[in-house]
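All remarks here apply to the structure that follows.
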Amino acid sequence: TKVLPNNPEVKVVLMSAAMDSNSIASYFARVLGAPPRLLDLEHHRPFPPMITYLDDYDYFCREGISRPNTDGNWLINGASANWNQETIASICGKFILELHTSRGK
């Protein structure tokens, strides 16, 4: 934010499905002295968002991994898994690698 007031040619693009765009806009309005330009892409999507669940992918089913509730708890073969973020990142990394490999990328 120190760079932006003195360099109007610098553009910042923030994207997130869970971000509160009004809070971010208010923050930048305070820092820059003027409200930023917001692009609402919700109504300009060429395709609607696709919601999938872990159980929709063979990888997680083969590994016995599921996340049936929205409470953030993972299960392995129906038992609670007390994983840290590194373990979850590793599992997701293996899944992404398998997904790309299966698609020939």
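The values are calculated or read from the model by the stated rules, or taken from the named source; none is laboratory data. Since the model is a prediction, treat every value here as computed from it, not as a measurement. A quick note on method: Cβ atoms are made from the backbone with ideal geometry, for glycine too, and the neighbour counts reach across all protein chains shown. Ligands, DNA and RNA are stripped out before the accessible areas are found, and what is left, the full protein with its side chains, is counted by its heavy atoms. Shrake-Rupley method; radii C 1.70, N 1.55, O 1.52, S 1.80 Å.
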Scanning the stretch 57-73 residue by residue, those exposed (fewer than 10 other Cβ atoms within 10 Å of the Cβ) and modelled with pLDDT under 80 turn out to be ASN69, THR70, ASP71, GLY72
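With the requirement that a residue be open to solvent by 60 Å² or more (accessible area, probe 1.4 Å) and either β-branched (Val, Ile, Thr) or at pLDDT 75 or above (or both), what does the stretch 11-25 give you? Working first, answer last.
Restricting attention to the stretch 11-25, the residues satisfying the condition of being open to solvent by 60 Å² or more (accessible area, probe 1.4 Å) are 11-20, 22-23.
The answer is VAL12, VAL13, ASP20, ASN22, SER23.
Name the single residue that is farthest from the chain's Cα centre (by Cα) among those in the stretch 57-103 being assigned to a strand (DSSP E or B) and among the hydroxyl-bearing types (Ser, Thr, Tyr).
Residues of the stretch 57-103 that are assigned to a strand (DSSP E or B), as a first pass: 65-66, 74-76, 79-81.
If we keep only those that are among the hydroxyl-bearing types (Ser, Thr, Tyr) as well, we get 66, 80.
Values: SER66: 18, SER80: 24 Å.
Ranking the candidates gives SER80 first.
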Which condition number does SER80 fail, the rest of (1) at pLDDT 80 or above; (2) hydroxyl-bearing (Ser, Thr, Tyr); (3) surrounded by 10 or more Cβ atoms within 10 Å (Cβ to Cβ) being met?
-> (3)
